[in-house]
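Worksheet: one structure, shown below.
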Amino acid sequence: MSKRWPDKTVIGITGNIATGKSVVRRMLEHLGAFGIDADGLAHRAMSPGAPAYLPTVETFGKWILRRDGQISRQRLAQVVFSAPEALTELEKITHPIVKQVIDLLVKRAKQPVIAIEAIKLIEAGLAEDCDVVWVVDAPRDVQLQRLVDERKLEGEVAAQRIDVQNPQADKLEQATLVIDNGAGLEQTWQQVQASYNEMMGIKPPVVEPEPAPEPAVSFEAPVTADAEISTRRGGPDQAGDIAAFFNGLNNTSLTRMDVLLRFGQKAYMLAYADQHIIGLAGWQVENLIARIDEFILAPNAPVERTVDGLVKIIEQYASDLQSEIALLFLEETVPDTIKQAVLASGYEEKTADELRIPDWKEAARESAPPDSIMVVKRLREDRVLKPM
């Protein structure tokens, strides 16, 4: 147990840029941990009205501001990633605030295991409060490719981002455990699950042979009015069932591995009737904002009961993760019955510009799938990073 938080087991996750820290954190969340993205909290701390906003503007100048008053991440990055001393100045502003927020979140968390992701976990002193330090590692060429493909950086800029950071070797020397994230998500998941089980004293699951491709599911048989609708959080073990659901709806040929790759970015809530999936929601919580970018019902699903079950379980988990708001995105072509059932659950249709909190606006713009409408519901009145 952690000395700072004696009722918690705390896993610190670190590694240099694009090694896959967030993927490992989300995997631990699938296993039941409460995840904290310290770097994401640092971004939130610099939002208008948040405690690091004015000190950052005063330090680096108003030229880093966008027209809407928010700090431009691109402009700020140009400075701090080209001059190590500038990065140090920024960290002097944000690190103390982030540590205070982490302390509050950990103390409020219901989960017994906490996973703190931070690129400067060791340098900022956060590692001292962790029971173990997991360093996520990947070859340099993999880091570069991820920055180019996923963050759309030019090759030279990507290399500069890597080179300005403290050497990865320094982190590896202080690791309790090294997670190799260079060979694919399947191998990464196996490492994370095995290491978590060993640390928590959980008996390893029986390894089953690789299942055959899931057959397409038929949705022709109606779900009877008295059929029990159950919901639960899906995990990588349900990847085959989820692939079958998508294939049955869309006549696609997704494999278990295809879905497993998605688990590096999101989780799934599943609605069942007669042991078959009839509804699905793909979602994630990042920086206290729940984002649901997939909300799909089978044609034979009882709409009101299925929507009610999915919405309730999402809100339950999102509240356990201390989310402030839920942003739920529906396809523009969604049947009106589904939209009305969601609205009846307390959601309101809004645009990103109608959200009054800058972080919520930014999350809405970043998360919105093409050709979608957004409905929102506030989940708690208090906010961790209150305006100052």
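Magnitude of the charge dipole for the chain, about its Cα centre and with charges confined to Cβ atoms of Lys, Arg (+1) and Asp, Glu (-1), is about 1180 debye.
Alpha carbon centre of the stretch 119-156 versus the stretch 247-276: separation in Å? Comparing the Cα centres of the stretch 119-156 and the stretch 247-276, I get a distance of 29 Å.
Taking +1 at the Cβ of each Lys and Arg and -1 at the Cβ of each Asp and Glu, which of V24, V10, P369 sits farthest along the dipole of the chain towards its positive end, judged by Cα position relative to the Cα centre? Towards the positive end, the residue furthest out is V10. Full extension of the chain between Q100 and V164 yields a length gain of 20.4 nm, computed as 0.36 nm times the residue separation minus the alpha carbon distance. Computed extension length for W63-Q174: 36.1 nm, one decimal, from 0.36 nm per residue of separation with the Cα-Cα distance subtracted. A full extension of the chain between E198 and E304 corresponds to an added length of 34.0 nm, given 0.36 nm per residue minus the alpha carbon distance. A crude spin-label estimate for the pair L343 and V157, with each label 7 Å from Cα along the Cβ direction, gives 4.1 nm. Under the combined filter of DSSP loop state and at most 10 neighbouring Cβ atoms within 10 Å, the stretch 44-143 retains these trypsin sites (Lys or Arg not before Pro): R67, K110.
Pairs from the list K3/K107; K120/K361; K8/K92 with a Cα-Cα gap above 18 Å: K120/K361; K8/K92. Pairs of Cα atoms nearer than 8 Å and 6+ residues apart set the relative contact order; for the chain it is 18 percent.
In this entry, the chain is assigned a mean projected area of 19.9 nm², taken as a quarter of its C-alpha convex hull surface. Once Rg and the Kirkwood radius are both taken over the C-alpha atoms of the stretch 229-378, their ratio Rg/Rh works out to 0.94. Shown here for the stretch 286-368: trypsin sites (Lys or Arg not before Pro) in loop regions (DSSP other than H, G, I, E, B) with at most 13 other Cβ atoms within 10 Å, namely R356. Among beta bridges identified by DSSP and lying wholly in the chain, the antiparallel ones come to about 60 percent. The calculated pair-distance distribution of the stretch 46-164 uses every alpha carbon pair, bins of 10 angstrom beginning at 0, and gives 11, 33, 37, 18, 1 percent.
Read-outs throughout are calculated quantities, based only on the coordinates presented, and are distinct from any laboratory measurement. Only a predicted model underlies this, so the values are computations on that prediction, with no experimental measurement involved. Neighbour counts are summed over all protein chains in view; Cβ atoms, including those assigned to glycine, are modelled from backbone coordinates with ideal geometry.
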